[in-house]
1. Determine whether region 149-170 contains at least one residue that is more than 22 Å from His33 (Cβ to Cβ) and surrounded by fewer than 14 Cβ atoms within 10 Å (Cβ to Cβ).
2. Is at least one residue of region 49-69 in a helix (DSSP H, G or I), among the β-branched types (Val, Ile, Thr), touching a Gly at 6+ places or on another chain (Cβ under 9 Å) and at pLDDT 90 or above?
3. Restrict the check to region 131-142 and report whether at least one residue is in a strand (DSSP E or B) and in contact (Cβ under 8 Å) with a residue 12 or more places away in the chain.
4. Can you tell me which residue in region 104-140 is farthest from Gly80 (Cα to Cα), limited to those that are within 22 Å of the chain's Cα centre (by Cα) and open to solvent by less than 70 Å² (accessible area, probe 1.4 Å)?
5. Of all residues in region 176-193 being assigned to a helix (DSSP H, G or I) and of a type in the set (D, E, K, R), which is surrounded by the fewest Cβ atoms within 10 Å (Cβ to Cβ)?
6. Pairs only if they're at least six apart or on different chains, beta carbon under 8 angstrom, first in region 46-57 and more than 14 Å from Leu27 (Cβ to Cβ), second part of a helix (DSSP H, G or I) and hydrophobic (A, V, I, L, M, F, W, C); list them, first residue then second.
7. Since Leu204 meets every condition but one in (1) open to solvent by 50 Å² or more (accessible area, probe 1.4 Å); (2) out of contact with any Lys or Arg (no Cβ under 7 Å at 6 or more places or on another chain); (3) more than 13 Å from Glu31 (Cα to Cα), which condition does it not meet?
8. I'm trying to understand the selection: among the residues of region 43-71, which are basic (Lys, Arg) and surrounded by 16 or more Cβ atoms within 10 Å (Cβ to Cβ)?
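The values are calculated or read from the model by the stated rules, or taken from the named source; none is laboratory data. Keep in mind the model is a prediction, meaning the values are calculated, not measured. Don't worry about glycine lacking a Cβ; one is built from the backbone with ideal geometry, like all the others, and counts go over all protein chains shown. To get the accessible areas, we keep the full protein, side chains included, count just its heavy atoms, and leave off ligands, DNA and RNA. Shrake-Rupley method; radii C 1.70, N 1.55, O 1.52, S 1.80 Å.
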Amino acid sequence: MENIIEMLNITKTFPGIVANDDITLQLKKGEIHALLGENGAGKSTLMSILFGLYQPDLGEIKKNNSLVKINNPNDANRLGIGMVHQHFKLVQNFTVLDNIILGAEPTTFGVINRHQAKSKVITLSKQYKLHVDPDALVEDISVGMQQRVEILKMLYRENEILIFDEPTAVLTLGEIEELIHIMKGLVKVGKSIIFITHKLAEILAVADRCTVLRKGRKVGTVLVKDTNKHELSKMMVGRDIDFSYQRNKLEQGDSVL
């Protein structure tokens with residue numbers, strides 16, 4: 001598979017810290033690429049650069065082998081790059097429909113064509129089996145459903161490169177399984193996904209490749225089918241991790257309350 005995105009030798013510093021230190025990341029068309037690392041490893045900063053929220057101090061970005069400049073999220077959207085943030089960017093007292101089309105409203109003679117927009121959202125919802133109610137208020141729907149709204153925002157804008165920043169952090173187990181199913185369905189229709197996480201089981205369940213960051217630097221990129229959670233955890237923290245847990249038997253005393 002060819003690379004659809006290349007982030008080459010990206011460096012980003014903030015006062016007193018090097019968040020990204022000469023990082024190269026390549027996303028292949030039609031793959032789910034996990035970005036693994038501990039909190040503070042530089043994962044979200046790197047993806048914020050790809051989405052135009054930050055500018056790199058050094059390095060360059062290519063899409064389909066062509067050099068691109070991403071000054072802001074509008075540039076990213078024009079390049080087909082969308083992002084679901086860990087903390088959703090939704091207006092709670094707006095409807096699902098209004099949140100999806102916000103900033104990309106279709107107009108007829110200067111008036112928002114809500115019928116056209118709603119029809120497109122319903123079609124996308126059915127096509128990708130996301131099943132949202134366009135007329136529901138965001139404040140009245142579940143967290144898992146709010147995430148579906150964020151995904152539909154990307155699909156409505158016809159983004160082909162989808163960034164998920166810690167997407168399972170606020171989901172229940174059932175919602176996580178649904179999200180994994182949705183992600184697999186998205187790549188089947190030609191989308192390419194970067195999946196930021198620090199959860200090893202989810203990487204093994206859904207990702208094709210995994211790039212590991214540690215303290216702002218790239219440790220390496222591996223094929224997920226050729227690795228395991230012990231190797232990934234060692235790359236992530238720099239030492240062997242013992243996953244066994246010894247539970248001592250508890251002797252209960254008399255009731256005290």
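1. no
2. Going through region 49-69, the residues in a helix (DSSP H, G or I) turn out to be 49-50.
With among the β-branched types (Val, Ile, Thr) added as a condition, the list becomes 49.
Keeping just the survivors that are touching a Gly at 6+ places or on another chain (Cβ under 9 Å) gives 49.
Keeping just the survivors that are at pLDDT 90 or above gives 49.
Within region 49-69, one or more residues are in a helix (DSSP H, G or I), among the β-branched types (Val, Ile, Thr), touching a Gly at 6+ places or on another chain (Cβ under 9 Å) and at pLDDT 90 or above.
3. Keep residues of region 131-142 that are in a strand (DSSP E or B), which gives 137.
Now restrict to residues that are in contact (Cβ under 8 Å) with a residue 12 or more places away in the chain: 137.
Yes, that holds for at least one residue.
4. Looking at the filtered set, the residue picked out is Val138.
5. My answer is Lys188.
6. The qualifying pairs are Gly52/Ala76; Gln55/Ile49; Pro56/Ile49.
7. Against the list (1) open to solvent by 50 Å² or more (accessible area, probe 1.4 Å); (2) out of contact with any Lys or Arg (no Cβ under 7 Å at 6 or more places or on another chain); (3) more than 13 Å from Glu31 (Cα to Cα), Leu204 comes up short only on (2).
8. The first filter runs over region 43-71 and keeps only residues basic (Lys, Arg), leaving 43, 62-63, 69.
Once the filter is applied, which keeps residues that are basic (Lys, Arg) and surrounded by 16 or more Cβ atoms within 10 Å (Cβ to Cβ), region 43-71 yields Lys43, Lys63.
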